[in-house]
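Read the structure below first, then the notes.
What follows is calculated from the coordinates using simple rules that are stated; it is not laboratory data. Here the structure is a predicted model, which is why all the values come from computation and not from measurement. Don't worry about glycine lacking a Cβ; one is built from the backbone with ideal geometry, like all the others, and counts go over all protein chains shown.
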Protein chains: 2
Amino acid sequence: MSPGFAGNAPAVAAIDWGTTRLRAWLIDGSGKVLAERRGDDGLITAQQKGFSTLLEGHLAAMGASAELPVIICGMAGSRQGWLEAPYVAVPAPLGAVLAGAARVPGQNRDIRIVPGLAQRLADAPDVMRGEETQLAGAGLPARGSELVCMPGTHSKWVQVEDGAVAGFGTWPTGELFSVLAAHSILKHSLGEHPAPVAVDSPFFRQWCERALGEGGDVTSKLFAIRAAGLLQDLKSEDAAACLSGLLIGGEIASAKRRYGAGDAPVVLISSGALASLYSAALGLAGLAFRSVDADEAVRAGLIEAARENGMIARTGALA
Amino acid sequence: MSPGFAGNAPAVAAIDWGTTRLRAWLIDGSGKVLAERRGDDGLITAQQKGFSTLLEGHLAAMGASAELPVIICGMAGSRQGWLEAPYVAVPAPLGAVLAGAARVPGQNRDIRIVPGLAQRLADAPDVMRGEETQLAGAGLPARGSELVCMPGTHSKWVQVEDGAVAGFGTWPTGELFSVLAAHSILKHSLGEHPAPVAVDSPFFRQWCERALGEGGDVTSKLFAIRAAGLLQDLKSEDAAACLSGLLIGGEIASAKRRYGAGDAPVVLISSGALASLYSAALGLAGLAFRSVDADEAVRAGLIEAARENGMIARTGALA
């Protein structure tokens with residue numbers, strides 16, 4: 001038993017390693033969380049400082065032993081990452097995806113990276129990395145159809161059938177917000193430091209509703225935010241709410257058009273401010289939904305991946 | 001008669017002064033062009049170096065006299081320009097718009113700036129500056145309904161009824177291309193210096209057709225360009241064609257949805273490479289159109305503005 005972990009020893013380290021962030025947990029053999037760390041050293045930092053160096057630093061800081069195995073999901077498994085964990089083509093059962101984690105060679109410990117998913121359709125190619133692990137940890141039923149919304153920089157909408165990913169799409173909503181706010185003519189409307197968008201902003205709701213009525217057509221309304229600044233004295237904090245409402249409403253309208261509104265409620269996997277905004281927008285769209293916390297989902301998915309790869313035992317309740 | 005202008009003396013200088021460019025012509029009393037200059041000293045340069053200094057430099061280089069009157073259209077008339085020429089609200093007859101040019105005070109010569117147009121609708125605010133002059137010079141019939149497409153950084157689609165602007169919309173297609181190519185994840189697909197898009201590129205046509213089938217929904221397909229690079233080995237020059245086709249097709253689909261496909265052919269006011277791309281895209285959309293050269297239209301519009309403001313005589317044929 002490692003010193004410092006009263007009662008339970010860590011059985012695996014679980015790492016969500018994205019483009020800009022890293023989150024790490026130490027997990028015991030029953031799936032219980034013993035320690036947690038968060039850092040800004042995502043893929044971009046790791047490309048410079050080295051993946052192994054960064055990982056070992058986080059593990060040492062959490063008191064992990066030199067033999068503790070590690071399970072990783074996210075962009076660390078991309079071509080620009082530590083080791084390319086080749087995409088699994090959909091349709092794909094989530095359990096089998098997790099079980100196919102790729103082992104990083106030349107390391108003293110057992111380090112594996114969960115593969116991403118690829119949709120190899122000629123007219124709708126798409127990829128995800130990290131979200132497959134969130135999906136596996138979202139507690140979706142083993143039977144039935146689910147439509148899952150995972151908002152973010154590159155929002156994913158996923159069709160899950162009987163525990164397998166049937167298809168998915170990406171809406172770069174978060175990235176569009178950042179890029180348009182910083183580099184387009186809308187920077188004059190939003191100002192240098194766009195205010196966080198309040199979910200109760202009437203501008204967020206109004207522009208979201210406008211977008212919902214346009215079937216995903218966002219580009220025809222972007223310039224109107226600038227014009228509203230010139231003609232209607234729209235304030236910069238309200239302009240940010242307009243842009244957020246327009247882009248989120250547009251994403252939901254577009255996804256609804258592509259996937260239809262099924263019988264089951266949409267599963268919204270998100271956390272923090274984004275969860276509030278998407279909850280409000282799904283409500284405005286008239287879509288029933290149930291919420292799953294994104295942070296908990298990815299951690300539960302990594303624990304499930306550790307089980308699927310034999311790093312911890314199959315039995316034992318989740319933390 | 002000024003030295004250097006055999007036969008005809010300049011009666012007015014006509015300036016199209018945009019955000020990044022300036023074009024200047026010397027015009028005789030009959031509307032004939034005597035000299036032309038182009039420069040990169042648009043609004044942004046002028047804000048630093050001074051509007052009067054820049055203008056006088058161009059006029060002197062063309063041999064204009066110190067008394068020659070000047071008519072200007074474009075962003076020089078904006079709030080960030082030389083003198084704000086207040087917007088005229090639509091609906092507005094084009095002749096009356098031109099006649100309302102604002103005189104720049106404190107100048108030795110008569111310098112006037114054509115006002116822009118504002119659409120003061122609560123749910124579709126919009127503005128234009130410069131395009132109103134192009135419209136006036138496009139040779140539109142005095143009677144009947146026309147739908148006009150003016151592609152560019154901020155493309156305008158304009159409904160003209162009996163020579164008056166009834167309404168319009170802006171699609172920031174050119175700006176989206178630039179901003180996404182330079183600052184979004186698509187920069188990895190398009191490369192550092194995106195290739196000019198060839199109108200006969202099968203990628204341009206294919207992605208244009210895809211966008212045309214989506215009613216203006218562009219955001220759902222942006223990430224697919226990145227995914228096609230990862231999964232289908234899409235080359236960078238082809239990625240630029242995909243993005244161009246997607247954005248132009250999306251603009252046309254959206255405008256068609258908003259304005260309908262009327263009986264009369266769309267009037268396409270454009271020039272150069274953009275004219276080729278939009279011609280192809282309008283063809284793919286099944287929209288009949290006739291072409292007007294944008295450079296000639298703005299010059300003809302400025303000459304018309306000079307007439308409306310009494311700077312040159314009403315009679316006399318256009319050059």
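Return the FRET efficiency for the residue pair B:E161, A:S271: r is the Cβ-Cβ distance, R0 is 60 Å, and the value is rounded to the nearest 0.05.
0.70
For chain B, find the longest principal axis of its Cα atoms and tell me its angle to the long axis of helix B:219-231, 0 to 90°, nearest 10.
For B:219-231 against chain B, the angle is about 60 degrees.
Assign one of three labels to segment B:172-287, namely rounded, prolate or oblate, based on the Cα gyration tensor with a ≥ b ≥ c the square roots of its eigenvalues; rounded applies when a/c is under 1.5, prolate when it is not and a/b is larger than b/c, and oblate otherwise.
Taking the square roots of the gyration eigenvalues as a ≥ b ≥ c, segment B:172-287 is prolate.
Using the Cα centre of the protein assembly as shown as origin and beta-carbon charges of +1 (Lys, Arg) and -1 (Asp, Glu), tell me which of A:A35, B:A241, B:G229 is placed farthest towards the positive end of the dipole.
Value: A:A35.
Find how much the distance from B:A182 to B:S236 grows on full extension, using 0.36 nm per residue of separation minus their present alpha carbon separation; answer in nm with one decimal.
Gain on stretching B:A182 to B:S236: 18.1 nm.
From the phi angles alone, apply the Karplus equation (6.51, -1.76, 1.60; θ = phi - 60°) to segment A:45-61 and give each ³J(HN,Hα) in whole Hz, x where the residue is Gly or Pro.
These are the phi-based 3J(HN,Hα) values: 5, 5, 4, 8, 8, x, 5, 5, 4, 5, 4, 4, x, 5, 5, 4, 5 Hz.
Mean-square fluctuation check for chain B, GNM, Cα pairs under 10 Å: which of B:R129, B:R307, B:R143 is largest?
Comparing B:R129, B:R307, B:R143 in the GNM, the peak value goes to B:R143.
Counting only other chains, what is the mean number of Cβ atoms within 10 angstrom of the Cβ of each residue in peptide A:116-123?
Going residue by residue through A:116-123 and averaging, the value is 3.
Among DSSP beta bridges whose residues both lie in the protein assembly as shown, state the antiparallel percentage, nearest 5.
So the antiparallel bridges amount to about 65 percent of the total.
Taking each label point as 7 Å beyond Cα in the direction of the beta carbon, state the distances from B:E36 to the same residue in the other copies, shortest first, in nm.
Copy-to-copy label distances at B:E36, shortest first: 6.7 nm.
Name the shape class, rounded, prolate or oblate, that the alpha-carbon gyration tensor gives for chain B, where a ≥ b ≥ c are the square roots of its eigenvalues, rounded holds for a/c under 1.5, and otherwise prolate holds if a/b is larger than b/c and oblate otherwise.
Note, shape of chain B comes out prolate.
Taking the number of other C-beta atoms within 10 Å as the exposure measure, put B:T173, A:T153, B:T19, B:T219 in order starting with the fewest.
Placing the least packed residue first, the sequence is A:T153, B:T19, B:T219, B:T173.
Per DSSP H run of at least 4 residues, take -39500 (n - 2.57); add these up for chain B, divide by its residues and hand me the 222 nm value, nearest 500 deg cm²/dmol.
-11500 deg cm²/dmol
What's the extension gain from B:A96 to B:A288 if we count 0.36 nm per residue and subtract their Cα-Cα distance?
66.1 nm
Under a Cβ-Cβ cut-off of 13 Å, what is the net charge of the residues other than B:L277 that fall near it, where Lys and Arg count +1 and Asp and Glu count -1?
Summing Lys and Arg as +1 and Asp and Glu as -1 gives -1.
Which value, in debye to the nearest 20, gives the size of the charge dipole of segment B:197-261 about its Cα centre, when Lys and Arg are +1 and Asp and Glu are -1 at the Cβ?
Using Cβ point charges on Lys, Arg, Asp and Glu, segment B:197-261 gives about 240 debye.
Rounded to the nearest 0.05, what FRET efficiency do B:R120 and A:T53 give with R0 = 51 Å and r taken as the Cβ-Cβ distance? Could you check?
Rounded to the nearest 0.05, the efficiency is 0.30.
Can you tell me which aspartates and glutamates have their Cα less than 19 Å from the Cα of A:K187? Leave out same-chain residues fewer than eight positions away.
Cross-link targets: A:E175, A:D233, A:E237, A:D238, B:D126, B:E175.
What residues qualify as long-range amide H neighbours of A:L121, i.e. H under 5 Å apart, gap of 5 or more or another chain, H built at 1.01 Å from N?
Amide H neighbours of A:L121: A:D126.
If we hang a label 7 Å off Cα along the beta carbon direction at A:K187, how far is it from the matching labels on the other copies, in nm, shortest first?
The answer, with the shortest distance listed first, is 1.2 nm.
Among A:S220, A:S244, A:S65, whose mean-square fluctuation peaks in a Gaussian network model of chain A (Cα, cutoff 10 Å)?
Largest GNM mean-square fluctuation: A:S220.
Quick one: if the Förster radius is 45 Å, what FRET efficiency do B:E209 and B:R37 give, using the C-beta to C-beta distance and rounding to 0.05?
With a Förster radius of 45 Å, E is 0.65.
If you line up the long axis of helix A:294-308 against the longest principal axis of chain A, both from Cα atoms, how many degrees apart are they, to the nearest 10?
With both axes taken from Cα atoms, the answer is about 30 degrees.
Mind giving me the nanometre distance, one decimal, between the label points for A:D200 and B:S65, set 7 Å out from Cα along Cα→Cβ?
Reported label-point gap for A:D200 and B:S65 is 6.9 nm.
For the protein assembly as shown, what is the charge dipole size about the Cα centre, in debye to the nearest 20, if Lys and Arg each add +1 at the Cβ and Asp and Glu each add -1 at the Cβ?
220
From the backbone phi of segment A:259-272, what are the Karplus-calculated ³J(HN,Hα) couplings (6.51 cos²θ - 1.76 cosθ + 1.60, θ = phi - 60°) in whole Hz, Gly and Pro given as x?
After applying 6.51 cos²θ - 1.76 cosθ + 1.60, I find 9, x, 9, x, 6, 6, x, 4, 9, 9, 9, 7, 8, x Hz.
Pop out the ³J(HN,Hα) list for segment B:63-72 in order, Karplus 6.51 cos²θ - 1.76 cosθ + 1.60 with θ = phi - 60°, rounded to Hz; leave Gly and Pro as x.
Residue by residue, segment B:63-72 yields x, 6, 6, 6, 9, 4, x, 10, 10, 10 Hz.
Tell me whether segment A:76-191 comes out rounded, prolate or oblate; compute the Cα gyration tensor, take square roots of the eigenvalues as a ≥ b ≥ c, and use a/c under 1.5 as the rounded threshold.
Here segment A:76-191 falls in the oblate category.
Ranked by Cβ crowding within 10 angstrom, fewest neighbours first, how are B:L180, B:L277 ordered?
So the residues, fewest neighbours to most, are B:L277, B:L180.
Which value, in debye to the nearest 20, describes the size of the charge dipole of chain A about its Cα centre when Lys and Arg Cβ atoms bear +1, Asp and Glu Cβ atoms bear -1, and nothing else is charged?
Using Cβ point charges on Lys, Arg, Asp and Glu, chain A gives about 240 debye.
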